[in-house]
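Some notes on the structure that comes next.
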Amino acid sequence: MSAASRPLTILGATGSIGVSTLSVAAHLGIPVHAVTANRKVDELAALAIQHRAAVAVVADEDGYTELKRLLAGTGVVAEAGAQALCAVAADPGCGAVVTAIVGAAGLHPTLAAIRAGKRVCIANKEPLVMAGALIMGEAARCGATILPVDSEHSAIFQCLEGHRPDEVAELVLTASGGPFRTVADLGAVTREQALRHPTWTMGPKITIDSATLMNKSLEIIEARWLFGVGVERIRVLIHPQSVVHSMVAYRDGSVMAQLGRPDMRTPIQYALTWPRHDSGQVAAPDFAALAALTFEAPDTARFPSLDMAYAAARAGGIAPAVMNAANEMAVARFLAGHGRFTDIFTTVERALGDAPSLGEPSLDDIIAADAEVRRRLAG
Ligand code: NAD
Ligand code: MG
């Protein structure tokens, strides 16, 4: 069986990445083993039936009865709960797993897929930010193949193919700059403005993260673990057109870039078909029609999130997990219509300031640190 036809489990199938992944799987003819969702049982059942999944899992156990009713007589098995999420990620019935859950909630199922030695296509970056050392260590120990789905990391992965980390001068992560790239006063921007991303269509949490540039902060730490390059050699560059998805600068002054349309089906497909570039659904950019590709340095005064990522990475230990948890809480609060956009920065900064330093945290230490930040910010 070729790599691209191993049955697939999609964690977070009802979301933006999940639905794009199902489209890629249908295009490539990859069978779907399992689909999962947090609560949206109607959408989950419809996707499971449409894509002939063997199993559908709703994470929230309150949705189990309804999911079972919706799937009765369809041949799709209904399951529920956190254990079931991990079970479908590790099931011998699937060869590859796409992690498309949003946030820290994806940590355990990601680890379950890795420990089962799967091809693990990682979109869900937050677990890598929280516990990158442990996750990469488990992947090496268990023989799992980790492939990036995040467009920047897919680009860097492609630019690095055939090269070694010691040839690299710098990884250059590009960022669109979000909807507020040219807005002087971020204190007054609204939730609706923040949700209007200029180039990408994505789930609400990452759309806010793109507006604060916290998404790029998470991506700095994600890149650090995926590619084993220290954060002092990872640089962010604003590129409003989102055509150059990221670059690798080599020590001889040569720079490799990967380009494409801002459509996640391209990096999702490459994670599924690697090491091949097969026929896809997305056309190459039309360069004659592109007016210009422009680049500028990020404004770290208006967007302090970038420096927080470097500080958290340098501090190590639980600091990145604290940064992530505080950001998740602050974004959820802003999305619920409370507080100002800039409160996200102050919340994360304060949480990082309060975080105790811890050398090499265990998984339990990281989970406890995450829970402690959430408890404090919920109160
Ligand atoms: P989304 O909000 O559209 O979808 C999230 C999915 O996760 C849904 O299926 C939802 O049911 C599920 N989910 C949410 N909370 C859960 C929980 N507590 N337990 C179990 N399942 C839960 O999100 P998205 O935009 O598709 O992003 C998913 C992940 O991929 C994020 O980590 C994001 O940073 C990353 N990512 C997204 C894009 C993009 O274009 N959307 C690009 C790069 C990386
Ligand atoms: Mg990205």
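Identification of strands (runs of 3 or more DSSP E) wholly contained in segment 1-106 with 2 or more residues that are out of contact with any Pro (no Cβ under 9 Å at 6 or more places or on another chain) and open to solvent by 60 Å² or more (accessible area, probe 1.4 Å) yields 77-80. Only residues that are open to solvent by less than 50 Å² (accessible area, probe 1.4 Å), away from ligand 2 (no atom under 13 Å from the Cβ) and closer than 15 Å to His239 by Cα were counted across segment 181-223, and they come to 1. Listed by position, the helices (runs of 4 or more DSSP H) enclosed by segment 284-379 that each have at least 3 residues that are basic (Lys, Arg) are 363-378.
Can you tell me which residues in segment 229-253 are open to solvent by less than 50 Å² (accessible area, probe 1.4 Å) and out of contact with any strand residue (DSSP E or B) (no Cβ under 9 Å at 6 or more places or on another chain)?
Of all residues in segment 229-253, those open to solvent by less than 50 Å² (accessible area, probe 1.4 Å) come to 229-231, 234, 236-240, 242-250.
Within segment 229-253, Gly230, Val231 qualify.
Do we find a residue being within 16 Å of ligand 1 (Cβ to nearest atom) and touching a strand residue (DSSP E or B) at 6+ places or on another chain (Cβ under 9 Å) anywhere in segment 201-212? Yes: one or more hits. Test Ala284 against the criterion of being open to solvent by 10 Å² or more (accessible area, probe 1.4 Å) and among the small types (Gly, Ala, Ser), and give yes or no. Here the answer is yes, as Ala284 does meet what is asked. Might you let me know whether segment 71-82 holds any residue that is within 29 Å of Leu226 (Cα to Cα) and of a type in the set (A, V, I, L, M, F, W, C)? Yes: segment 71-82 contains one or more residues that are within 29 Å of Leu226 (Cα to Cα) and of a type in the set (A, V, I, L, M, F, W, C). Looking at Arg375 and the list (1) surrounded by 14 or more Cβ atoms within 10 Å (Cβ to Cβ); (2) on the phi < 0 side of the Ramachandran plot, which single condition is not satisfied? Of everything listed in (1) surrounded by 14 or more Cβ atoms within 10 Å (Cβ to Cβ); (2) on the phi < 0 side of the Ramachandran plot, Arg375 misses just condition (1).
Hey, any hits in segment 153-168 for a residue that's of a type in the set (Phe, Trp, Tyr) and either within 16 Å of ligand 2 (Cβ to nearest atom) or touching a Lys or Arg at 6+ places or on another chain (Cβ under 6 Å) (or both)?
Within segment 153-168, the first condition is being of a type in the set (Phe, Trp, Tyr), and the residues that meet it are 157.
When the remaining residues are screened for being either within 16 Å of ligand 2 (Cβ to nearest atom) or touching a Lys or Arg at 6+ places or on another chain (Cβ under 6 Å) (or both), the result is 157.
Yes, because at least one residue in segment 153-168 is of a type in the set (Phe, Trp, Tyr) and either within 16 Å of ligand 2 (Cβ to nearest atom) or touching a Lys or Arg at 6+ places or on another chain (Cβ under 6 Å) (or both).
The values are calculated or read from the model by the stated rules, or taken from the named source; none is laboratory data. Predicted model, so just to flag it, every value in this text is computed and none were measured. Cβ atoms come from the backbone with ideal geometry, glycine included; neighbour counts cover every protein chain shown. Ligands, DNA and RNA are excluded from the accessible area calculation, which covers all protein heavy atoms including side chains. Shrake-Rupley method; radii C 1.70, N 1.55, O 1.52, S 1.80 Å.
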